[in-house]
Amino acid sequence: MREAPIAVFDSGVGGLSVLAEIQRLLPNESLLYLGDCGHIPYGEKTPEFIRQRCSVMAGFFREQGAKALVIACNTATVAGVADLRRDFPDWPIVGMEPAVKPAAAATRSGVVGVLATTGTLQSAKFAALLDRFATDVRVITQPCPGLVERIESGDLHSPELRALLKHYVDPLLANGCDTIILGCTHYPFLKPMLKSMIPETISLIDTGAAVARQLQRLLAQRDLLAEGPNRPVRFWTSADPASLRKTLALLGQVAGEVEKFNL
């Protein structure tokens, strides 16, 4: 089982930011990636729909022989991780959550901004994170409709994207935020543009590296860390494989095999 692959899924290509962190920390591991691009964005879907998609994709990866699962999507984690851990109690499963705790510890002004999808910001899990870790700071939340779709299309540089991002970031700056949480796995791809429109003193925080470390801990506990060499990443998408192959290149991920996911 040590040389079995690790499975990663997201609503689209955002989870590639997490995949990259796993590759950096665990270079011997073989990886499988599924982007449910045909149903993006999850942030506007019902929890019931997302839970059903999570169950389907997890079942698919079990059939592929994956030794662990990473839910590289905040919205999918909120909706589906509890059910998956109940249904697969013997499987290491790592989910995402907005980095409220480290942001609360890092802020100097006492004001933290959150860029996230509507689904994440409205979830009970996010509310619980605020209650647990942010009682001493002011948190300004900003839903960001439209950002995921632009990143999915490979748009990381257009004037339209800059205008949309500025529209979401300006209220955070106006409220004195000195720390901004990137609460969607798509948003780390916007770091270069974000850094060009905010002061250098503002910190951007995401959880991709923390997820990779948690995955490493769970695999080590079970003596499942691979010794390598790894195999090329296999990709699936519920949309057009040619479109994903193009976007992979734009996002800096070497595209191996890209297959159609039909379930």
Cβ pairs under 6 Å, 6+ apart or interchain, first in the range 1-24 and of a type in the set (Gly, Ala, Ser), second surrounded by fewer than 24 Cβ atoms within 10 Å (Cβ to Cβ) and not in a helix (DSSP H, G or I), ordered by first then second residue, are 4/65; 4/67; 7/32; 7/66; 11/40; 12/40
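Name the one entry in 141, 75 that is touching a helix residue (DSSP H, G or I) at 6+ places or on another chain (Cβ under 7 Å) and farther than 25 Å from residue 236 by Cα. I'd like the intermediate steps shown before the answer.
Working: 75 fails: farther than 25 Å from residue 236 by Cα.
Of the residues listed, the single one that is touching a helix residue (DSSP H, G or I) at 6+ places or on another chain (Cβ under 7 Å) and farther than 25 Å from residue 236 by Cα is 141.
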The residue from 41, 47 that alone is more than 14 Å from residue 123 (Cα to Cα), at pLDDT below 95 and out of contact with any Gly (no Cβ under 7 Å at 6 or more places or on another chain) is 41
Screening 88, 60, 49 for residues that are of a type in the set (Phe, Trp, Tyr), assigned by TED's automatic domain parsing to the domain that holds residue 16 and touching a residue at least 60 places away in the same chain (Cβ under 8 Å) leaves only 60
- Message: Any residue at all in the range 81-96 that's in contact with a Cys (Cβ under 9 Å, 6 or more places away or on another chain), β-branched (Val, Ile, Thr) and closer than 15 Å to residue 51 by Cβ?
- Response: yes
- Query: Would you call residue 154 of a type outside the set (Ser, Thr, Tyr), touching a Ser or Thr at 6+ places or on another chain (Cβ under 7 Å) and on the phi > 0 side of the Ramachandran plot?
  - Reply: yes
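For the range 241-258, how many residues meet the condition of being part of a helix (DSSP H, G or I) and not hydroxyl-bearing (Ser, Thr, Tyr)?
Taking the range 241-258 first, the residues part of a helix (DSSP H, G or I) are 241-250.
Now narrow it down to the ones that are not hydroxyl-bearing (Ser, Thr, Tyr): 241-242, 244-246, 248-250.
Qualifying residue count, the range 241-258: 8.
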Q. Taking the condition assigned by TED's automatic domain parsing to the domain that holds residue 181, crowded, with 21+ Cβ neighbours inside 10 Å, in a helix (DSSP H, G or I) and under 16 Å from the mean Cα position of the chain (by Cα), does residue 148 pass?
A. yes
| said: Residues that are surrounded by 21 or more Cβ atoms within 10 Å (Cβ to Cβ) and under 17 Å from residue 35 (Cα atoms): does the range 210-232 have at least one? | reply: no
By my count, helices (runs of 4 or more DSSP H) wholly in the range 97-136 with at least 2 residues that are touching a strand residue (DSSP E or B) at 6+ places or on another chain (Cβ under 9 Å) and within 23 Å of residue 189 (Cβ to Cβ) are 100-106, 118-121
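Being in a loop (DSSP other than H, G, I, E, B), surrounded by 14 or more Cβ atoms within 10 Å (Cβ to Cβ) and touching a residue at least 12 places away in the same chain (Cβ under 8 Å): is that true of residue 161 here? Let's see the steps before the verdict.
Numbers: in a loop (DSSP other than H, G, I, E, B): no; surrounded by 14 or more Cβ atoms within 10 Å (Cβ to Cβ): yes; touching a residue at least 12 places away in the same chain (Cβ under 8 Å): yes.
No.
The values are calculated or read from the model by the stated rules, or taken from the named source; none is laboratory data. Predicted, not measured: the structure shown is a model, and the values here were computed from it. Don't worry about glycine lacking a Cβ; one is built from the backbone with ideal geometry, like all the others, and counts go over all protein chains shown.
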